[in-house]
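Supplied in structure tokens, the structure appears directly below.
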Amino acid sequence: MNTLVNVARYHLVDRLQYVVLPVGVTFFAFGVNLAIFSLIPETPEENYSGGLFTLFVFMLVCGAMSMTKSLPFGLALGVSRRSYYLGTLLLVIGLSALYAVGIAVFQVIEDATRGWGLGLNYFRVPWLLDGPWYLTLLTSFVFLLLMFVYGMWYGLIYRRASVVGVVLFGAAQVLVLLGAVLLFSWTDSWAKLGEFFSTLTVGGMTGVLALLVCLAGAGGFATMRRVTV
Amino acid sequence: MLDEGTPLFVQIAEQIADDIAEGSLAEGERVPSTNELAAFYRINPATAAKGINVLADDGLLEKRRGIGMFVAAGARQKLLTDRRQRFAEQYLDPMLIEAKRLGIDDETLISLIRGNGHRNGGPAA
Amino acid sequence: MTPTISTTGLTRRYGDHTALGDVSVDIEEGKITGLLGRNGAGKSTFLRIVTAQEFASAGSVRVFGETPVENERVLRRLVLVREDQQFPDFKVRHALSAASWFYPNWDAELAESLLRDFDLPTKRPIKKLSRGMRSALSITIGLAARAELTLLDEPYAGLDAVARQLFYDRLLDDYSAHPRTILLSTHLIDEVADLLEHVVMIDKGRVVLDAPADELRGTAVTVSGPALAVDDFVAGRRVLHRRKIGSRASVTVAEALDPSAKAKAKALHLKLEPLSLQQLMVHTSNGQTAEEASA
């Protein structure tokens with residue numbers, strides 16, 4: 001366990017990458033949105049900003065970096081691949097939780113100030129982060145985690161198979177989706193799928209995301225086993 | 001300063017033996033430790049240790065537990081006796097071979113020895 | 001005594017290219033062993049497989065009696081200093097802090113002292129260090145880790161002669177004070193020859209020499225003098241190399257000469273020059289090439 005904590009510490013040495021930049025970028029986008037909103041004369045009806053996605057994309061990048069830039073020295077320090085992966089996961093869970101709390105808190109403040117006095121919905125994302133604070137907390141936690149772990153997998157694919165590998169990885173995923181589409185067409189299940197999604201609550205969606213986290217986690221771990229530095 | 005021909009540990013042993021024979025390392029004086037020798041000559045400590053052991057086996061050094069290696073009593077005399085015995089083989093024979101090659105006869109050789117002997121301060125004490 | 005590292009039939013292939021072919025060596029505990037060879041001989045591959053940073057295609061590796069792959073019990077007790085070590089976006093002091101968390105024997109004072117010796121700026125990002133300074137950083141980490149098994153893969157890239165000597169001195173110093181198993185790979189053989197207790201030489205992925213350093217010194221001799229006398233002297237001996245100029249010849253034989261042979265050479269007025277370890281390596285790998293050429 002100590003090793004895993006040390007791996008998390010190891011990543012956090014680069015606080016810029018994992019803390020300063022994500023938070024900074026999020027608030028920068030927030031500030032820009034605020035500025036724009038304070039300038040426009042009227043408040044539009046639907047005034048959701050997609051700005052928060054910057055944070056989620058950033059998590060994808062962080063995940064990839066944790067398995068590319070930081071991996072060689074990490075393994076050089078006598079850590080097994082398993083410990084490195086799990087230790088990084090530990091960090092990622094912690095950061096996701098932290099940022100999820102942040103999002104939830106700011107969402108509450110946003111609601112209380114009726115969109116920061118400008119009617120801006122930055123910390124509230126349509127449908128996904130649109131419910132009560134506890135659902136927002138859970139969903140953002142899982143989604144952030146997913147972005148991280150997905151990014152880690154990409155990073156590992158890059159280490160093992162370089163750019164070609166990453167492209168093939170992306171293509172493979174597209175093929176899987178294509179396969180699913182074909183499957184649905186053949187079994188004529190589009191109606192059922194539509195029903196599933198229309199009745200899917202945010203809670204349910206979160207469950208699906210959690211499943212994807214497990215999938216990406218397992219995939220990344222399997223890819224990790226034969227990575228060399 | 002360490003040449004390629006003789007094994008390193010032999011060279012180490014010879015250096016210390018030279019010091020003893022010359023008198024710069026007195027009997028009962030402490031000999032540098034393995035680590036000190038290693039650091040000084042920039043060689044592996046095991047090699048230095050081997051050199052010391054050669055001298056110890058020859059009875060020229062003695063170990064005092066916990067303190068180190070010391071020059072044994074009578075070491076200098078032993079070395080000088082040993083070297084005198086080898087003098088003929090080491091220095092005399094090559095000279096005689098070379099003299100023969102150059103066609104220098106025995107009388108000329110002896111007068112050369114006498115003449116150069118004066119120049120080089122006479123026979124050793 | 002169990003060897004610290006023991007490989008059997010270790011092989012690593014990259015497609016068509018065999019980086020290591022059937023390497024079976026034992027690296028003994030507590031000695032400074034040199035892993036010698038030309039560039040591209042397979043030394044780095046060997047070290048990376050021993051530390052599980054790379055995987056073998058065939059054969060086995062045992063470190064401290066166990067496989068090093070995914071084995072933290074073993075990995076914790078060793079350190080590999082690589083000249084091409086990739087670092088994250090760290091400053092020098094970050095790398096040292098991180099190392100101190102993972103190495104049980106970490107000596108912070110030694111690290112400080114080495115930083116001073118090598119003149120390494122602690123606050124500078126590693127990205128901005130010159131090649132020599134990066135090597136110095138890796139060396140600092142490697143030595144301060146005081147790992148039971150310390151592996152150094154051509155650690156002196158970019159270091160000038162003065163810095164290299166400093167490295168050798170500090171290595172020897174710390175080894176004398178804290179004996180451990182050291183495996184040092186290099187192609188600058190003459191510089192480290194006297195530090196080695198044992199030598200393993202690799203050429204084109206195969207082990208060509210595996211012997212105590214003392215045995216190797218004086219194993220080959222170059223005999224020079226009048227051609228006829230030289231030829232007479234070397235008749236029946238294993239010749240590595242011949243050179244001729246006018247009526248003089250210079251022949252390298254792969255044999256240690258006993259005192260009677262030396263006396264004979266003296267009588268014939270032949271000059272004897274023992275081969276240095278570096279020259280020995282050159283001849284050994286040339287010998288391999290020659291064998292292949294005639295095959």
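Every number in this text was worked out from the coordinates using simple rules, so none of it is lab data. As the structure is a computational prediction, the values presented were derived from the model and not from experiment. No Cβ is skipped: glycine too gets one built from the backbone with ideal geometry, and neighbour counts run over all protein chains shown.
Which entries of B:Lys100/C:Lys262; C:Lys244/C:Lys266; C:Lys91/C:Lys204 show an alpha-carbon separation above 27 angstrom in the structure shown? Mind dumping the intermediate values first?
Details: B:Lys100/C:Lys262 20 Å; C:Lys244/C:Lys266 20 Å; C:Lys91/C:Lys204 38 Å.
Pairs exceeding the cut-off: C:Lys91/C:Lys204.
Scan segment C:40-71 for chymotrypsin sites (Phe, Trp or Tyr not before Pro) in coil per DSSP, keeping those whose Cβ has at most 12 other Cβ atoms within 10 Å, and list them by number.
Details: sites: C:Phe46, C:Phe55, C:Phe64; in loops: C:Phe55, C:Phe64.
Passing sites in segment C:40-71 do not exist.
Among C:Arg82, C:Arg180, C:Arg243, determine the one that fluctuates most according to a GNM of chain C built with springs between C-alpha atoms less than 10 Å apart.
With Cα springs under 10 Å in chain C, the top fluctuation among C:Arg82, C:Arg180, C:Arg243 is at C:Arg243.
According to the Cα gyration tensor, what semi-axes, each the square root of 5 times an eigenvalue, does the equivalent ellipsoid of segment C:5-215 have, listed from largest to smallest in whole Å? Each step should come with its number before you reach the end.
Working: eigenvalues 144, 70, 58 Å².
Here the semi-axes work out to 27, 19, 17 Å.
Obtain the radius of gyration and the Kirkwood radius of the protein assembly as shown from its C-alpha atoms and give Rg over Rh.
Using only Cα positions, Rg/Rh for the protein assembly as shown is 1.17.
A follow-up question, please. From the alpha carbon gyration tensor of segment C:70-113, can you work out the equivalent ellipsoid semi-axes (sqrt of 5 times each eigenvalue) and give them in Å, largest to smallest?
In descending order the semi-axes read 18, 15, 10 Å.
So, one more: Taking N as the number of residues in segment C:221-274, what value does Rg over Cα atoms divided by 2.2 N^0.38 Å take? List each step's numbers first, then the result.
Details: Rg = 9.8 Å, N = 54, 2.2 N^0.38 = 10.0 Å.
Segment C:221-274 yields a ratio of 0.98.
Give me the angle, in degrees from 0 to 90, between the Cα long axis of helix B:8-22 and the longest principal axis of the Cα atoms of chain B, rounded to the nearest 10.
70 degrees
Here's a follow-up. For the modelled label position 7 Å from the Cα of A:Val164 along Cα-to-Cβ, which residues of segment C:8-51 have backbone nitrogen atoms closer than 20 Å?
So the set is C:13-19.
Tell me, what is the FRET efficiency for C:Ala211 and A:Leu98 to the nearest 0.05, using R0 = 60 angstrom and their Cβ-Cβ distance as r? Don't jump to the answer; show the numbers that get you there.
Values: r = 59 Å, r/R0 = 0.98.
With a Förster radius of 60 Å, E is 0.55.
To the nearest whole number, what is the average tally of beta carbon atoms from other chains within 10 Å of the beta carbons of peptide C:183-195? Mind showing how you got there, number by number?
On the way: counts 0, 0, 0, 0, 0, 0, 0, 1, 1, 2, 5, 8, 6.
Mean partner shielding for this stretch: 2.
Follow-up. Report, by chain and number, residues whose modeled amide H sits under 5 Å from the one on C:Val23, excluding near sequence neighbours (fewer than 5 apart, same chain).
Amide H to amide H, under 5 Å and 5 or more residues apart or across chains, C:Val23 pairs with C:Gly9, C:Leu10, C:Thr11.
Helix-only estimate, please: 222 nm mean residue ellipticity of the protein assembly as shown, summing -39500 (n - 2.57) across DSSP H runs of length 4 or more and dividing by its residues, to the nearest 500.
-17500 deg cm²/dmol
Sticking with this one: Test of understanding: in a Gaussian network model of chain C with alpha carbons linked when under 10 Å, which of C:Ser185, C:Ser260, C:Ser250 would top the mean-square fluctuation ranking?
So, out of C:Ser185, C:Ser260, C:Ser250, the one fluctuating most is C:Ser260.
Could you tell me the convex hull volume per residue, in Å³, taken over the Cα atoms of chain B?
Values: hull volume 17.3 nm³, N = 125.
Cα-based convex hull of chain B, divided per residue, equals 138 Å³.
Moving on. Output wanted: per-residue J couplings in Hz (rounded whole) for segment C:108-114, from phi through Karplus 6.51 cos²θ - 1.76 cosθ + 1.60, θ = phi - 60°, x for Gly and Pro.
After applying 6.51 cos²θ - 1.76 cosθ + 1.60, I find 5, 5, 4, 4, 4, 4, 5 Hz.
When N counts the residues of segment C:1-58, how does its alpha-carbon radius of gyration compare numerically with 2.2 N^0.38 Å, as a ratio?
Working: Rg = 11.7 Å, N = 58, 2.2 N^0.38 = 10.3 Å.
Scaled against compact globular proteins, the figure is 1.13.
Using r as the Cβ-Cβ distance of B:Arg114 and C:Asp117, and R0 as 60 Å, what FRET efficiency do you calculate, to the nearest 0.05?
Working: r = 58 Å, r/R0 = 0.97.
Efficiency at R0 = 60 Å is approximately 0.55.
Most mobile of C:Val50, C:Val239, C:Val23 per a Gaussian network model of chain C (Cα springs, under 10 Å)?
Result for chain C, Cα springs under 10 Å: C:Val239 fluctuates most.
I would also like to ask the following. Points 7 angstrom from Cα along the Cβ direction at C:Ala263 and A:Leu90: gap in nanometres?
According to this spin-label approximation, the distance is 7.3 nm.
Find the centroid of the Cα atoms in segment A:108-171 and in segment B:43-83, then give the distance between the two in whole Å.
Result: 75 Å between the Cα centres.
Test of understanding: express the Cα radius of gyration of segment C:160-295 as a ratio to 2.2 N^0.38 Å, with N the residue count. Don't jump to the answer; show the numbers that get you there.
Details: Rg = 17.8 Å, N = 136, 2.2 N^0.38 = 14.2 Å.
Taking N as the residue count of segment C:160-295, the ratio is 1.25.
Nearest 0.05, what FRET efficiency do C:Glu109 and C:Asp169 give at R0 = 22 Å with Cβ-Cβ as r?
On the way: r = 17 Å, r/R0 = 0.79.
Using R0 = 22 Å, I get an efficiency of 0.80.
Average partner chain C-beta neighbours within 10 Å, per residue of C:94-101? Spell out each step's value before the answer.
Values: counts 3, 3, 0, 3, 11, 5, 0, 9.
The per-residue average across the peptide is 4.
Could you state the number of Å between the C-alpha centres of segment A:1-31 and segment C:1-68?
38 Å
With θ set to phi - 60° and the Karplus curve 6.51 cos²θ - 1.76 cosθ + 1.60, what are the ³J(HN,Hα) couplings of segment C:76-92 in order, to the nearest whole Hz, using x for Gly and Pro?
After applying 6.51 cos²θ - 1.76 cosθ + 1.60, I find 5, 9, 10, 9, 10, 9, 10, 6, 9, 4, 8, 10, x, 6, 9, 8, 3 Hz.
Percent relative contact order of segment C:221-274, based on C-alpha pairs within less than 8 angstrom and at least six residues apart? Let's see the in-between values first.
Numbers: 85 pairs, mean separation 26.1, N = 54.
In percent, rounded to a whole number, it is 48.
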